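Before any comments, here is the structure.
The values are calculated or read from the model by the stated rules, or taken from the named source; none is laboratory data. Computed from a prediction, not measured in an experiment: that's the story for all the values here. Reconstructed Cβ throughout: ideal geometry from the backbone, glycine too, with neighbour counts over all protein chains shown. Surface accessibility is based on the protein's heavy atoms, side chains included, excluding ligands, DNA and RNA. Shrake-Rupley method; radii C 1.70, N 1.55, O 1.52, S 1.80 Å.
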Amino acid sequence: MSSSTPRPDPPYRTIVAEIRARITTGDLRPGDRAPSIRQIAQRWGVAVATATRVTATLRAEGLVETRVGSGTVVSARRPAASRPAISSAPRPSGLSDQALNRNDVIRSAIRIADTEGLDAVSMRRLAAELGVGPMSLYRHVESKDELLTHMADMAFGELELPEPGPDGWRAKLELIARRQWQLCQRHLWLPEVISFTRPLLAPNTMAQTEWTLRALDGLGLPMTTRMHEALTLHALVLALARSMAEEAEAEQDSGMTLDHWRIALRTRAHDLLASGQFPLLATIPEPSTLNELFEYGLARHLDGFAALHSHGSVSGT
């Protein structure tokens, strides 16, 4: 009779045990940032899917929770150290496979992306969140790409645009740009799923472009020019929104706010500016915020659009 050799625990269980030990011994206290999915993947050299499973297991055990703007933190209501680990199988949520619908799936995916980032969104992670089997999700979305399209479309559905809107093309373009900027602040992942070469064919996203095209009615512009303006305005919003998302990710991964980062580099910045090599930069009291850059970029873009067509029927009112 041959003896069997016990199989080693899968990597995710080993990582869970290490993080669990740090929490139960008080090394990580309630409210502290737990290692992010990206940090887990980098530190332990595992795939993002494995790191995502680690976070899902810790959440199922009640050891960590997600908070908007903070990411994954140690739960204030964490169980005692003697509590047995909960199985990583999907937990019941009161929502049966039959009761589940597409909107439930999409809303849950958006909630995960808002709190943990887009990398955390997977069919397995989503199934665990909903308490259903992963395969049941494919009755509602065929693939992750389709899920991302629906997520973006539902997010853009939050943006209400008045009909017909304020008077004048400029006021209308300012309105939609600012509301899209606010939308990207609520959903930092949104710019990552938008493509200008392979646009999302979804009702709410297309309605945004349609509204912008109508804002330029009566200017005597060819439809190609109107479309170029709609896309360029949208690109201006998304470009700065990506920087906003990158800063939020950097803060979550490093645990250092932008203000703290600037303080840490203050000595080096002072030495460089005091060297005399950058006399103009040395006169700037404080760096611009992303909101300030957005407002400046929007104003200058619309100034340029008005000037471009000043000899035609376009005006700034």
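If you go through the range 33-57 and keep only what is out of contact with any Phe, Trp or Tyr (no Cβ under 6 Å at 6 or more places or on another chain), touching a residue at least 60 places away in the same chain (Cβ under 8 Å), outside any loop (DSSP other than H, G, I, E, B) and within 16 Å of Ala113 (Cα to Cα), you end up with Ile37, Arg38, Val48, Ala49, Thr52, Thr55, Ala56.
In the range 40-60 there is no residue matching the filter, namely being at pLDDT 85 or above, closer than 25 Å to Trp189 by Cβ and small (Gly, Ala, Ser). Looking only at the range 105-112, decide whether some residue is at pLDDT below 85, touching a Ser or Thr at 6+ places or on another chain (Cβ under 9 Å) and of a type in the set (D, E, K, R). Scanning the range 105-112 turns up no residue that is at pLDDT below 85, touching a Ser or Thr at 6+ places or on another chain (Cβ under 9 Å) and of a type in the set (D, E, K, R). If I filter the range 293-310 down to residues being part of a helix (DSSP H, G or I) and surrounded by fewer than 12 Cβ atoms within 10 Å (Cβ to Cβ), which single residue comes out as modelled with the highest pLDDT? Only one residue tops the list, namely Arg300. Against the list (1) of a type outside the set (A, V, I, L, M, F, W, C); (2) at pLDDT 75 or above; (3) part of a loop (DSSP other than H, G, I, E, B), the condition Ser313 fails is (2). Count of the range 114-137 residues, restricted to those that are basic (Lys, Arg) and either open to solvent by less than 30 Å² (accessible area, probe 1.4 Å) or outside any helix (DSSP H, G or I) (or both), is 1. The set of residues in the range 38-63 being farther than 15 Å from Met123 by Cα, of a type in the set (A, V, I, L, M, F, W, C) and open to solvent by 20 Å² or more (accessible area, probe 1.4 Å) consists of Trp44, Val46, Ala47, Ala60. Tell me which residues, restricted to the range 176-226, are in contact (Cβ under 8 Å) with a residue 60 or more places away in the chain, of a type outside the set (Val, Ile, Thr) and within 20 Å of Glu146 (Cβ to Cβ). If the condition is that a residue be in contact (Cβ under 8 Å) with a residue 60 or more places away in the chain, of a type outside the set (Val, Ile, Thr) and within 20 Å of Glu146 (Cβ to Cβ), then His187, Trp189, Glu192 are the ones that fit. Screening Ser3, Ser96, Ser70 for residues that are modelled with pLDDT under 80, within 24 Å of the chain's Cα centre (by Cα) and either surrounded by fewer than 20 Cβ atoms within 10 Å (Cβ to Cβ) or among the polar types (S, T, N, Q) (or both) leaves exactly one candidate, Ser70.
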